[in-house]
Structures are given as C-alpha cells and as structure tokens.
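Written below as structure tokens is the structure these notes are about.
The values are calculated or read from the model by the stated rules, or taken from the named source; none is laboratory data. Since this is a predicted model, take the numbers as computed values, not measurements. Here the Cβ positions follow ideal geometry from the backbone for every residue, glycine too, while neighbour counts run over all protein chains shown.
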Amino acid sequence: MLVGAQVLSGAGLAAGITVGALLAEDMLGSTGLAGLPSGLFTIGSAVAATVIGRTSQHLGRRTGLAAGYVVGAVGGLGVVIAAATGSVFLLFLSLFVYGSGTATNLQARYAGADLAVPHHRGRAVSTVLVATTAGAVAGPNLVTVMGSVADAVGIPSLAGPFILAAFAYAAAGVVLWIMLRPDPLLTARSHAAENARAANGDADEPVDPTGRSGLLLLGTAVMVLTQLIMVAVMTMTPIHMQHHGQGVGAAGLVIAVHVGAMYLPSPFSGLLVDRFGRLAVAAASGLTLLASGLLAALAPPHSVWLLALALALLGLGWNFGLVSGTAIITDTVPLATRAKTQGTVDVAVALAGAGGGTASGLVVAASGFSALAIAGGILGLAIIPAVAWTARVRPSTTGS
C-alpha cells in the first residue's frame, strides 16, 4: 500500500513542479521572482518534515505520512483558489502548505527501510522511490489536459495541474491511513525489543559509536547538496525553455523525463548501494551532477532532447545521492530516535531546496541559465572530497 500511495503522490508532486514557476511568473510579472514557488513549498516541506518526523516517532509512519499528504492536498487546493482569485498572498501561503506533500513523499522512503536488514536497505529504499515514477512521469504530461480542464471551469490554465495535485495527495493520504497496516516503524521497534529481551541486550542495531557523527554528517551533506542543485536547475528549466520559444507541453516533456530519471533508476541505485557501498554511489552522484550541469549549459535552447538528457542526468545524480544518503542515515541512527532524526535531516534537505529554488531565478536573471547550470555542476563535485574524507577517517564504518 505504501507503493500505491507513492504512485498517487508522484503525480501530485510532479504536476506542481512543472508549472509552479510559470504560474508565479504570470501572476507576479517577474522572472527574477519565478523561483519563489519552489522556495516556498520547499520551506513548507522543511517545516512539514519536522512535524512528520516527530509524529511518526510517537504515533508511527501511518499517522505521520497520511496527515502529511492531506495537508499537501489542502495546499494544492489553495493554489487553485489563489490563481482563480488573483490573490498573491493566498498563492504564497498555499505553496508553503503544499510543501507538506513534497516532504511526505520523501519521508515515505524511510518507511521502506524500517524493516529491511542493513545489506538490503538500498534496495528497500529504492522500491519505495521507484513507485513514485508512474505518477511522477504522468503528472507533467497531463499539464495540457489539466489546463484545458481549468479553462473549462473558468480557472487560469496554469492552475490546472494543482487540481490534479490536490486530488492525488488526498487519495495518497486516504490509502495510507486505511491500508498501511501493520505500521512499519512500530513493527520494527517491536521486533527489536523482542530480540533485545531474548539476548538481554540493547534493542538497537550495533553501530560503531565513533563513526556515527561523521556518517550522519556525510549522509546529510550528500542529500543537501544534491537537493539544492537539482531544485535550482529544475526550477528554471521551464522558464529557460519558454523564453526561447518552447511551449508548456515541451517543458512538461522535459520535466517528465527529469522526474522519471529521479525515481525510475532507483532499483539500480539500490543494488549499487548494497553491492558497492554507500560511499561509492555518493561519489557517483557528484560526477553525474557535473555532467548534467555541463550539458545543460551547452545544449542549444531549442533542443528539447538535449535539455531532456541534461535533466535526466540531473535526476539520476539526485537519485544516487538520495538513495546512498538515506542508507547512510538509516544505518547510523538507532531505532529509538530514528524517525525524529530522519525528519530533522529532511529539514536540512528541504531548506537546501528552498535556497536553490529561490536563488535560481535571481541567478538566471543576472547571469543566465548556463551560469546556473555550470555552478550546479561544480557544486556537485564538493561531494567527492566529503566522501574521501569520511572514507579516510572512518575506514571501519564506511564499507557497507
């Protein structure tokens, strides 16, 4: 049922991403402020990540995730009303609330790892992520259709995808609330307690305490950097295309390819993480993001397929970072504080996305899309020395 909910939420996530910047540009009349939607719903995602993590810690994944999706649905509906009434204040407020859906979609990956043994955690995380693919690829390709639906009922066409987002998030919340039983986190705690009683020992998995802080920092850093780069470049790609004569449909296609690359390679990424180690895949994410940035900067604006390839590499680099970083965090944090810590880590990830999304419009307005793409690629390289440092100072804890 977690898989089914991810399919639904993927449609909501991708539909909003595709037109959020375009809707803001249309309502505000400024390219420099077009990155605000991404910044707002990622700030909202940061707040929601904390609440979802703490709620899950006390009441289980089922309650935390279902509530997060319902709040995201309310935000999506608010965006539709804001567009229909021309209220910029309501648009900003609703985008902030809409971020709850994004946070919930990401937090669900932790539920996939709750009951997995350490050497299968990469694949467990990837199973949840790949379930997002069907909805995430369909969402951007429904932009034109949902725009027509919005036009038919007298709502601005760019608000149409948020109608889909509101419905998809609400449906995902209902599915999880009704069918995510037994709760994976509560079950994992129960099993750990039983094993501890049988062994007369600690319920947590054995983890080298000297390696915890370094690994926790590394896992967080990998996910923070990949999120910042991905959100910044992704947010401005539709604007870049529109400014060079491409339509919303072409932008939707590129974003669909990008979002598919964010999630579809997950089984491959999970297999690599489990077979070759978390650090190797984390380093690969940095190299992939560099390749993406260079291609996006050099691709002619009229070449939809080259831009799609660049955005596919952007999604793949993000996927490598997310799967490896999630496995590192889950390996490191004990069950007693796992959900709370994971929520805190996702706050940092969401804030990085907020910064990237908000700054992206300003960078493009000042220096152009190519400068943004190159800067993102170079920033991705920072992951490699971080991985090398961790491998050098924590050799006994980084091989898995």
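Can you give me the number of residues within segment 93-136 that are under 30 Å from residue 83 (Cβ atoms) and either among the small types (Gly, Ala, Ser) or not in a helix (DSSP H, G or I) (or both)? Let's see the steps before the verdict.
Start the filter on segment 93-136 by keeping residues that are under 30 Å from residue 83 (Cβ atoms), which leaves 93-108, 131-136.
Of the ones still in play, those that are also either among the small types (Gly, Ala, Ser) or not in a helix (DSSP H, G or I) (or both) are 94, 99-101, 103, 108, 131, 134-136.
Result for segment 93-136: 10.
Would it be correct to say that residue 219 is more than 30 Å from residue 365 (Cα to Cα), modelled with pLDDT under 90 and assigned to a helix (DSSP H, G or I)?
Here the answer is no, as residue 219 does not meet what is asked.
So residue 300 ticks every box in (1) buried (at least 23 other Cβ atoms within 10 Å of the Cβ); (2) of a type outside the set (A, V, I, L, M); (3) over 25 Å from residue 127 (Cα atoms) but one. Which box is left unticked?
Residue 300 satisfies every listed condition except (1).
Being on the phi < 0 side of the Ramachandran plot, surrounded by fewer than 23 Cβ atoms within 10 Å (Cβ to Cβ), in a loop (DSSP other than H, G, I, E, B) and out of contact with any strand residue (DSSP E or B) (no Cβ under 8 Å at 6 or more places or on another chain), is that true of even one residue in segment 230-243?
Scanning segment 230-243, I find no residue that is on the phi < 0 side of the Ramachandran plot, surrounded by fewer than 23 Cβ atoms within 10 Å (Cβ to Cβ), in a loop (DSSP other than H, G, I, E, B) and out of contact with any strand residue (DSSP E or B) (no Cβ under 8 Å at 6 or more places or on another chain), so the answer is no.
Under 24 Å from residue 120 (Cα atoms), out of contact with any Phe, Trp or Tyr (no Cβ under 6 Å at 6 or more places or on another chain), at pLDDT below 85 and part of a helix (DSSP H, G or I): does that describe residue 193?
On the way: under 24 Å from residue 120 (Cα atoms): yes; out of contact with any Phe, Trp or Tyr (no Cβ under 6 Å at 6 or more places or on another chain): yes; at pLDDT below 85: yes; part of a helix (DSSP H, G or I): yes.
It is true that residue 193 is under 24 Å from residue 120 (Cα atoms), out of contact with any Phe, Trp or Tyr (no Cβ under 6 Å at 6 or more places or on another chain), at pLDDT below 85 and part of a helix (DSSP H, G or I).
All but one of (1) modelled with pLDDT of 85 or more; (2) surrounded by 24 or more Cβ atoms within 10 Å (Cβ to Cβ) hold for residue 259; state the number of the condition that does not hold.
So the condition that residue 259 fails would be (1).
Considering segment 173-190 alone, what residues qualify as being within 18 Å of residue 113 (Cα to Cα), under 23 Å from the mean Cα position of the chain (by Cα) and in a helix (DSSP H, G or I)?
Within segment 173-190, 176, 184, 185 qualify.
Being within 20 Å of residue 315 (Cβ to Cβ) and either surrounded by fewer than 20 Cβ atoms within 10 Å (Cβ to Cβ) or not acidic (Asp, Glu) (or both) is the filter here; which residues of segment 338-350 pass it? Steps first, answer last, please.
Step one: list which residues in segment 338-350 are within 20 Å of residue 315 (Cβ to Cβ), which gives 346, 349-350.
Answer for segment 338-350, where residues must be within 20 Å of residue 315 (Cβ to Cβ) and either surrounded by fewer than 20 Cβ atoms within 10 Å (Cβ to Cβ) or not acidic (Asp, Glu) (or both): 349, 350.
Within the group 84, 131, 111, 103, which residue is out of contact with any strand residue (DSSP E or B) (no Cβ under 6 Å at 6 or more places or on another chain), surrounded by fewer than 19 Cβ atoms within 10 Å (Cβ to Cβ) and of a type in the set (A, V, I, L, M, F, W, C)?
Only one candidate qualifies: 84.
From the list 376, 353, 325, 315, which residue is crowded, with 21+ Cβ neighbours inside 10 Å, more than 27 Å from residue 111 (Cα to Cα), in contact with a helix residue (DSSP H, G or I) (Cβ under 9 Å, 6 or more places away or on another chain) and touching a residue at least 40 places away in the same chain (Cβ under 8 Å)? Can you show your working first?
Values: 353 fails: more than 27 Å from residue 111 (Cα to Cα); 325 fails: more than 27 Å from residue 111 (Cα to Cα); 315 fails: more than 27 Å from residue 111 (Cα to Cα).
Among 376, 353, 325, 315, only 376 is crowded, with 21+ Cβ neighbours inside 10 Å, more than 27 Å from residue 111 (Cα to Cα), in contact with a helix residue (DSSP H, G or I) (Cβ under 9 Å, 6 or more places away or on another chain) and touching a residue at least 40 places away in the same chain (Cβ under 8 Å).
Condition first: among the aromatic types (Phe, Trp, Tyr) and either buried (at least 17 other Cβ atoms within 10 Å of the Cβ) or at pLDDT 90 or above (or both). Can you find one or more residues in segment 388-399 that meet it?
Checked against the condition, which is being among the aromatic types (Phe, Trp, Tyr) and either buried (at least 17 other Cβ atoms within 10 Å of the Cβ) or at pLDDT 90 or above (or both), segment 388-399 yields no hits at all.
Any idea which of (1) surrounded by 24 or more Cβ atoms within 10 Å (Cβ to Cβ); (2) in contact with a Ser or Thr (Cβ under 7 Å, 6 or more places away or on another chain); (3) of a type outside the set (D, E, K, R); (4) over 23 Å from residue 7 (Cβ atoms) is the one residue 95 doesn't satisfy?
Tallying (1) surrounded by 24 or more Cβ atoms within 10 Å (Cβ to Cβ); (2) in contact with a Ser or Thr (Cβ under 7 Å, 6 or more places away or on another chain); (3) of a type outside the set (D, E, K, R); (4) over 23 Å from residue 7 (Cβ atoms), residue 95 fails exactly one: (2).
Condition check ((1) buried (at least 24 other Cβ atoms within 10 Å of the Cβ); (2) modelled with pLDDT under 70; (3) under 26 Å from residue 344 (Cα atoms)) across all residues:
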| position | (1), (2), (3) |
| --- | --- |
| 3 | no, yes, yes |
| 17 | yes, yes, yes |
| 33 | no, yes, no |
| 42 | yes, no, yes |
| 47 | no, no, yes |
| 51 | no, no, yes |
| 56 | yes, no, yes |
